[in-house]
Amino acid sequence: MNEKKVEDGDVVILPAFGASFEEMSLMNEKNVEVVDTTCPWVSKVWNTVDQHQRKGLTSVIHGKYGHEETIATTSFCEDYICVKDYKEAEMVADYIVNGGDKEAFLKYFEKAVSKGFDPDTMLDKVGLANQTTMYKKETRAIGQLMQKAMMKKFGPVDAKDHYLEFDTICDATQERQDAIHELVENASELDLDFILVVGGWDSSNTAHLLEIPQKAGIRSFHINKADCIGADNTITHRTMSGDIVTEKFIEDIEDAGKTVVMGVTSGASTPDKAVQDSLSSIFMLKKLQSGKEE
């Protein structure tokens, strides 16, 4: 948010991923009308890290430190470290149990920790929170990893005093992740040609949905609108690496007898109309290319 452009009497809409503590304090100081659309699940994460601080815990946040939601969450923390995936969580767990090269550790996590972070003292008691759009299975695995690390260091009896977690994954995100996992597991039986993921190219939860079929080797595409599907049987889509590319879309579409089998999902905030328009474009493309009524 550009605070310099906010003037007295303005209407300020706080997005679903929330705003930082500093930004909200500024809004309170100014004579503006605030429309708060923060997702309840995001607020739940903030309540969770607040409990961490009250209990003297360091928040281990499963999320991307540069994501707007995680930036907002860390603004409510005194002590925190962000881990983007299980691999980084393993680095933290290993340091909890075995210690290590403090300088190298802080260098690696320099953008993902609170000011003055000291891993030698601030990882003795930790609580887990997350960016609400991360993989729930990965968050749970990270939680188990942290719990095991505390058990190794402090013993099974005292570990409970050194680790705390709550389930703060968004339901809408989890339902979509579960559904696409089911599609992937049954792809051969369903004879899927591809999986279409519809949602903003800057949407974290939508990008994660693409990763599931991609990592399983299933042809899949992430588009942000129906216009990404061309009448010449091309599709413009976002890859896992973030590149926007255009390539041939449906194989053998000219075959009038070919049945196209696809799986479709969308980001948690994607309008239903965006999905319907994308499907309509595919149906029209098949009709035009095969010269046959669908």
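For percent of Cα pairs over 26 Å apart, the listed values are (1) 54; (2) 67; (3) 42; which was obtained by calculation from the structure presented?
Evaluating percent of Cα pairs over 26 Å apart on these atoms matches (1).
May I ask you to order 207-213, 20-26 by the average number of other C-beta atoms within 10 Å around their residues, highest value first?
Result, highest mean first: 207-213, 20-26.
Using a/c under 1.5 as the rounded threshold, could you call region 67-165 rounded, prolate or oblate? The axes a ≥ b ≥ c are square roots of the C-alpha gyration tensor eigenvalues, and prolate needs a/b larger than b/c, oblate otherwise.
The shape class here is oblate.
In deg cm²/dmol and to the nearest 500, what is the mean residue ellipticity at 222 nm of the chain if only DSSP H runs of at least 4 residues count, each as -39500 (n - 2.57), divided by the residue total?
Value at 222 nm, helices only: -13500 deg cm²/dmol.
Between His62 and residues 5 or more places away or on another chain, which pairs have amide H atoms under 5 Å apart, with H built 1.01 Å from N, and which residues are they?
Long-range HN contacts for His62: Val83, Ala129, Asn130, Gln131.
Using a 1.4 angstrom probe and counting only protein chains, how large is the accessible area of Arg219 in Å², to 10?
Rounded to the nearest 10, the figure is 70 Å².
Once neighbouring chains are kept in place and the probe is 1.4 Å, which whole percent of the accessible area of the chain is contributed by carbon and sulfur?
Ligands and nucleic acids excluded, carbon and sulfur reach 48 percent.
Take peptides 108-115, 242-249, 72-79 and line them up by average Cβ neighbours within 10 Å, highest first, as a rough protection proxy.
Listed from highest to lowest mean packing, they are 72-79, 108-115, 242-249.
Expressed as a whole number of Å, what is the distance separating the alpha-carbon centroids of region 40-89 and region 149-197?
Region 149-197 and region 40-89 have Cα centres separated by 18 Å.
How would Val11, Val184 rank on accessible area, largest to smallest, probe 1.4 Å?
Descending accessible area places them as Val11, Val184.
Tabulate in residue order the Karplus-calculated ³J(HN,Hα) for region 228-236, using 6.51 cos²θ - 1.76 cosθ + 1.60 with θ = phi - 60°, rounded to whole Hz; enter x for Gly and Pro.
Values, residue by residue: 5, 9, x, 5, 8, 6, 10, 9, 9 Hz.
With axes computed from alpha carbons, what is the tilt in degrees of helix 204-215 against the longest principal axis of the chain, rounded to the nearest 10 within 0 to 90?
Tilt of helix 204-215: around 70 degrees.
Say we join alpha carbon atoms closer than 10 Å with springs in a Gaussian network model of the chain; which of Asn47, Asn186, Asn130 then has the biggest fluctuation?
Result for the chain, Cα springs under 10 Å: Asn186 fluctuates most.
Over the chain, average the accessible area per residue using a 1.4 Å probe and give it in Å², no decimals.
Averaged over the residues of the chain, the accessible area is 52 Å².
Taking only Cα atoms and a 10 Å spring cutoff, compute GNM fluctuations for the chain and point out the largest among Glu185, Glu90, Glu69.
Glu185
Can you give the relative contact order of region 157-273 as a percent, counting alpha carbon pairs under 8 Å and 6+ residues apart?
31 percent
Considering amide H positions built from the backbone, and no H for Pro or chain starts, which residues 5 or more places from Glu165, or on another chain, come under 5 Å of its amide H?
Leu128
Going by amide H atoms built from the backbone, whose H comes under 5 Å of the H on Thr234, apart from near neighbours?
Excluding prolines and chain starts, which carry no amide H, the hits are Phe249.
When only the heavy atoms of the protein chains count and the probe is 1.4 Å, how do Trp46, Trp41 rank by accessible area, highest first?
The ordering from most to least exposed comes out as Trp41, Trp46.
Place a +1 charge on the Cβ of each Lys and Arg in the chain and a -1 charge on the Cβ of each Asp and Glu, then give the dipole magnitude about the Cα centre in debye, rounded to the nearest 20.
That gives a dipole near 540 debye.
Which whole-Hz couplings ³J(HN,Hα) result when phi for each residue of region 64-76 is put into the Karplus expression 6.51 cos²θ - 1.76 cosθ + 1.60, θ = phi - 60°, listed in order with x for Gly and Pro?
8, 4, x, 6, 3, 5, 5, 4, 5, 5, 5, 5, 9
Taking the Cα centre of region 158-278 as the origin, how large is its charge dipole in debye, to the nearest 20, when only Lys and Arg (+1) and Asp and Glu (-1) carry charge on their Cβ atoms?
Dipole about the Cα centre, nearest 20: 320 debye.
The values are calculated or read from the model by the stated rules, or taken from the named source; none is laboratory data. Since the model is a prediction, treat every value here as computed from it, not as a measurement. So basically every Cβ, Gly included, is an ideal-geometry build from the backbone, and we count neighbours across all protein chains shown. Heads up: the accessible areas ignore ligands, DNA and RNA and are worked out on the full protein's heavy atoms, side chains in. Shrake-Rupley method; radii C 1.70, N 1.55, O 1.52, S 1.80 Å.
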